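Trainee: Right, I'll just put the structure down here and ask away after.
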Amino acid sequence: MYAVEFRTKVTDGIIQIPEKYRKKIKNNVRVILLAEDSADTTSDIIEDILESPLKLPDFRSFKREEIYDRG
């Protein structure tokens with residue numbers, strides 16, 4: 001048996017399996033759902049961004065001097 005854990009959102013009763021697991025998970029599976037409490041269902045933007053970072057074509061990270069520039 002092979003087990004994976006991931007977070008996802010249920011859309012119209014459908015659970016999307018992340019791409020990185022799809023080749024390993026093929027036919028029969030056993031599903032155990034652990035639903036978050038209603039207090040935990042509010043979107044945590046930091047967690048969302050860390051799990052799925054935005055890919056911007058013109059992104060340029062700040063230089064150290066720019067980060068600490070107080071002018």
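The rows are residues; the columns are (1) of a type in the set (Lys, Arg); (2) surrounded by 10 or more Cβ atoms within 10 Å (Cβ to Cβ).
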residue	(1), (2)
VAL4	no, yes
GLY13	no, no
LYS23	yes, no
ASN27	no, no
ASP48	no, yes
GLU51	no, yes
ASP69	no, no
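Trainee: Can you list the helices (runs of 4 or more DSSP H) found entirely within region 11-71 that contain at least 3 residues being within 19 Å of MET1 (Cα to Cα) and free of Cβ contacts under 8 Å to residues at least 60 places away in the same chain?
Mentor: Qualifying helices (runs of 4 or more DSSP H): 19-22.
Values quoted throughout were computed directly from the atomic coordinates according to the rules given, and no laboratory measurement underlies them. This structure is a prediction, so every number in the text was calculated from the model and none was measured. No Cβ is skipped: glycine too gets one built from the backbone with ideal geometry, and neighbour counts run over all protein chains shown.
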